[in-house]
């Protein structure tokens, strides 16, 4: 018994050490980038000792940035969702005060130096219209009983002020016809008159102005009440000074900002971006429209791609040469943040839209020119297809000579140091070539701000960006309301004569129809890449056959269930087998299966509905889990303790469907259905009662994991399912879903408790599937756990082990510090994990996105196919040389001895 | 007298049972007051893309909780069409309409290869999948045999349809109770084992430990510098238990205890194991 225990403990200790990282390996294979999100409010602190920026963002983050570099000095993350949304920030000398929350307003004071919380108080509020700070008092403007009431609170203590001011409610004509700026409310009345009144005092004096407008907006952060009134694309600026209304017309469409320059003088700063790579600024005195020459600038940068810049905060001063200088924190529509020196340049630039990644793909890099030449020469017949090279003896000889000459030249150049070795140059094109082990890839990330990024996976450097404004927007996922951007890699980098090709499905900006955006994932270039479709695509499926241009064509299924091929007019290389497509409507719970027979010409074909499944209302389809298309299952079965084999049920067409239905007795019922997407057969279904969000689903090989929050036991549980065929392989020759075996697979099931809350879950994937599987779990505490699947195996025995090496069942999953692959780099607000295989069987590349970006690589079964870093090459060389020499010497000696013996 | 009493008691018993029965049935009725399935209407497509024609209608009673077997006849022209369909290796599509008692209709579509229908001599299986509220959400068609070659042997006009009902399984729950029981059982066994076999680790395994210690002593005496070697393992690098064990082998007796204290990373599972082995050599010194 004791020895058994020791064995188990020893075994498990070895299991965990797999995940360990040596101290000096930290940061060697991984990188992390911190972000704050799209800026909502900001303030500039130009105090020489601090020199900082304070920002509050739409990701509910309060942070301080260094003014010179834009680096994050401290960052505090507030509650998720509307409870933590920052409504107001107010900088004081030593504290940054934030007001956040919707129904319960929480006021917090953060230390400017290190972001520590100084104080916090909260109050319950209803029907809040506006919040503003004046004179150290928080003013809460709300509507109650046909009145507009203003409550005041002392900002730091939360003590309620003496008076509550009230105003007649008819004055407030709705939040889209009113705006609040610097404590003054401006509203259009029914007659189209603009009334401006102060909410700070309880007087009912109102200023009014005759102006026609259809939109009113307050200038953010203005020291005096100032509004922009838009009427048929003509913008006018209305401001109040010394109790009188002034009107100023604005010439250009640009974003404005007002800065108090001297006691009675204000600077009006305007910023616009006529092109994606240019920023134009203008400055003038607000009162007399005098143009300040030094503030007019035009900044162009080819790498810059922005749209609709807006000044979030600014600071102006007088320089030695007696000109006015400004620094402005500019946020843009594409959620980038930059510090602009006027006159001057962009000091730094942050791509905050990377906090809103909605789709990610890791794309292989193309091979280098030399390797391409070798490939052309020795490549096998299949890869010749796209090389278009002749195979005559003479031409092959010439090509051989040419490629060898080229190799020789590069060798000389490297030796003589004429060109730098590719590994040293970063960010240049020559560096973007495939390495030996397929570890260097490019991360293509689509963000909800409409910007696509190409990121180097080895150092996190942004290589290219593409703005989607003017191309299209995103469709919205109806269940969770998040934007979705399906992306298909139609041609990878393996085809030498063609560049890789990636297609993104977008929604047209002015209709429900689909726009296809095709680009090269290596450099972001797009040549005639925008295709407007006259229909809405509901499903896009890649064909198993390439077309003659080596493009994996997509079958686009439109909303009237007719299929189309993209690219449309290119014939296929061979006749594809009949393709089965399923479409799911998450809202009404309708699932339909179609069969499509694509002709070789790729023209004129139709779909036939073959199965239909209808979930009862109000069941919603919340997730569909299909296996990764790249996944291979290496072993077909498991060996049991009696040496018999338990065969896995491996159905390549199986998808897992999660449905959630509200229930009277169990609150909500989560059902997992396993569906054969070809035949429409429900293989298995299982009900989880009282299961609610967060729900995550993992489907890989022959097993599934479903994590949910159990409302009854109040904890996160992971249900694990595994499918087996039994002792005989049922579909041994070739698998067919139609008319296949009637016997349902054996389903092993077990549940585990996870001591924590999950944000994302994903299995590792390797090229051949030999390496054991680990599950990557991102928890709300910021850890990225690497849990061996053996711990989640539903066959973990409670009694005697059924097979060798099985770990006894323990209901709670271990969360060991050694298995946290992000060590001390906490990852907050994780949205997803992306895993992709490298060319090394042992290694899997991991990219985690959310508020922070984290990239690393994991080796679930240790790096069995690479030598260790500290491998002693010298010793092995010495040993082999000695052995060789001694073998040679002893051989001679032996022959001499044999000769002597023969003479005897 | 006694028999009469018994009889009375018996009748009372029956009454009680009956009462129980009626309560149970009323509960049952109230439970099944939802919209129950009344019949399944089948239509099939015999000419590709020409539309569906009626095959049969099957009456279903969910309360009986039995699988339903129904036999229906189709005419000869339909049989010919079916054979043609099978010969061309087309798909046989079946439209299923499930009606409930209140008249609510749900449409489903399912298919199989036509040759399988003919090959199985018109024996088919319909699986009706019911959700947790017993309302159907999917219908699957299958045949009894996977024979796809012999179309000509078809000598019947009768479709033999078996209707199965499948309900979802319940989810697994973390089995904490059994685990706790198992732990208690193990603890009991350990306590029992202790009282029976009170020998210490050293007493039991002295034959393994002694050679190891001798070996270490020899190694330590021959190589005095080796004393410092185990200290290397105190660098946080050594997470692997094997290194600790190697270090024991090369350590001298004096440094052994110190090594253990320093080397084992706190909280790592090897600590339990190490403490067990730790006691034995120190006892040996004494």
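Each value in this text was obtained by applying a stated rule to the coordinates, not by laboratory testing. Not measured: the values here are computed from a predicted model. Here the Cβ positions follow ideal geometry from the backbone for every residue, glycine too, while neighbour counts run over all protein chains shown.
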remark   = Distance in nm between residue A:249 and residue A:527 label points, each 7 Å along Cα→Cβ, equals 4.8
message = For peptide B:128-137, what's the mean number of Cβ atoms from other chains within 10 Å of each residue's Cβ?
response = 5
request  = Could you rank the peptides B:54-62, B:207-215, A:712-720 by their average count of other C-beta atoms within 10 Å per residue, with the highest value first?
outcome  = A:712-720, B:54-62, B:207-215
request  = Determine the calculated [θ] at 222 nm for chain A from helices alone, applying -39500 (n - 2.57) to every DSSP H run no shorter than 4 residues and normalising by the residue count; nearest 500 deg cm²/dmol.
outcome  = -3000 deg cm²/dmol
key: Cubic angstrom per residue, convex hull over Cα atoms of the range A:766-904   = 208
Globularity index of the range A:106-232, i.e. its alpha-carbon radius of gyration over 2.2 N^0.38 Å = 1.16
task = With N set to the residue count of the range B:37-166, report its C-alpha Rg divided by 2.2 N^0.38 Å to two decimal places.
result = 1.04
message = Need the full-extension length gain, residue A:781 to residue A:461, defined as separation in residues times 0.36 nm minus the C-alpha distance. One decimal, nm.
response = 112.5 nm
key: Per-selection metrics, the range A:549-652 (Cα): Rg and Dmax in Å   = 18.7, 58
query = Between the range A:612-686 and the range B:60-119, what's the alpha-carbon centroid distance in Å?
reply = 25
query = What angle do you read, to the nearest 10 degrees and between 0 and 90, between the alpha-carbon axis of helix A:369-378 and the longest principal axis of chain A?
reply = 30
query = On a 0 to 90 degree scale, rounded to 10, what angle separates helix A:2-17 from the longest Cα axis of chain A?
reply = 60
key: Alpha carbon centroid spacing (whole Å) that separates the range A:750-774 from the range A:561-605   = 33
request  = Would you kindly work out the equivalent ellipsoid of chain A from its C-alpha gyration tensor and give its semi-axes, the square roots of five times the eigenvalues, largest first in whole Å?
outcome  = 56, 36, 31
FRET efficiency for residue A:891 and residue A:278, using Cβ-Cβ distance with R0 set to 45 Å, rounded to 0.05 = 0.05
inquiry  = Shape verdict for the range A:496-549, please, from the Cα gyration tensor: rounded (a/c under 1.5), prolate (a/b greater than b/c) or oblate.
reply    = oblate
note = Convex hull around the C-alpha positions of the range A:453-575: the volume in Å³ per residue is 140
query = Expressed as an acute angle from 0 to 90° and rounded to the nearest 10, what is the orientation of the C-alpha long axis of helix A:873-903 relative to the principal long axis of chain A?
reply = 10
Global geometry of the range A:852-904, whether rounded, prolate or oblate, following the gyration tensor of its Cα atoms and the 1.5 cut on a/c = prolate
query = Dimensions of the range A:641-693 along principal axes (Cα, Å, largest first)?
reply = 48, 32, 16
Whole-Å semi-axes of the range A:52-171's equivalent ellipsoid (Cα gyration tensor) = 29, 15, 12
Using a Förster distance of 35 Å, the FRET efficiency for residue A:241-residue A:80 (Cβ separation, nearest 0.05) = 0.25
Approximate spin-label separation residue A:878-residue A:47, in nm, with each point projected 7 Å along Cα-to-Cβ = 6.2
inquiry  = How far apart, in nanometres, would the label points at residue A:511 and residue A:404 be if each is projected 7 angstrom from Cα along the Cα-to-Cβ direction?
reply    = 6.1
